[in-house]
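The values are calculated or read from the model by the stated rules, or taken from the named source; none is laboratory data. Because the structure is a prediction, the values reported are computed rather than measured. Here the Cβ positions follow ideal geometry from the backbone for every residue, glycine too, while neighbour counts run over all protein chains shown.
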Amino acid sequence: MNPFGNMPVIVQTAILLACSNVFMTFAWYAHLKNLGGKPWWIAALLSWGIALFEYLLQVPANRIGHSELSLGQLKIMQEVITLTVFVPFVVFYMREPLKLDYLWAGLCILGAVYFIFRSP
């Protein structure tokens, strides 16, 4: 049973990857704010626990996506989603300033999107 119904593969993939990226971003970086005084191995164990949920979404996302997208397209899609999730995380959760460099990085990734998704 497909919970997405007749949604296009690229949309299904994007939704799952976006959700997966939220878990990934917290697994990779939230310990810097919340567990700074704890031993690294506690942060690692908690991060692995969070990362399990990332993988439970990322693996089906890539399987669904690979039915219509190339590996390169999946990877660039992942990078776009990663930056889209990461910037609000940095600004709102980690309380770091929004930098113009994120815009420049996004423009570079848009160039990658163009090249990887253009017709052969």
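Per-structure values
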| item | result |
| --- | --- |
| Tabulated pairs, segment 1-22, first crowded, with 20+ Cβ neighbours inside 10 Å, second polar (S, T, N, Q) and part of a helix (DSSP H, G or I), C-beta under 7 angstrom, 6+ apart or interchain | L17/Q58; L17/Q78; S20/Q58; N21/T82 |
| Elements of type helices (runs of 4 or more DSSP H) in segment 13-120, at least 1 residues being within 30 Å of P3 (Cα to Cα) and among the aliphatic types (A, V, I, L, M) | 40-65, 71-88, 100-117 |
| Close pairs from segment 72-99: first polar (S, T, N, Q), partner at pLDDT 95 or above and assigned to a helix (DSSP H, G or I), Cβ under 7 Å, at least 6 apart | Q78/L17; T82/N21 |
| Failed item, numbered, when L35 is tested on (1) under 17 Å from the mean Cα position of the chain (by Cα); (2) of a type in the set (A, V, I, L, M, F, W, C); (3) surrounded by 14 or more Cβ atoms within 10 Å (Cβ to Cβ) | (1) |
| Total residues in segment 1-12, condition among the aliphatic types (A, V, I, L, M) and either part of a loop (DSSP other than H, G, I, E, B) or over 26 Å from I76 (Cβ atoms) (or both) | 2 |
| Number of positions in segment 45-77 that are of a type in the set (G, A, S) and within 20 Å of V90 (Cα to Cα) | 2 |
| Subset of segment 14-55 [of a type outside the set (G, A, S), in contact with a Leu (Cβ under 8 Å, 6 or more places away or on another chain) and farther than 14 Å from T82 by Cβ] | H31, L35, I42, L46 |
| Selected residue (criterion: surrounded by the fewest Cβ atoms within 10 Å (Cβ to Cβ)) from residues of segment 23-32 that are under 24 Å from P60 (Cβ atoms) and aliphatic (A, V, I, L, M) | A30 |
| Residues that are in contact (Cβ under 8 Å) with a residue 40 or more places away in the chain and over 11 Å from the mean Cα position of the chain (by Cα), drawn from segment 23-32 | Y29, A30, L32 |
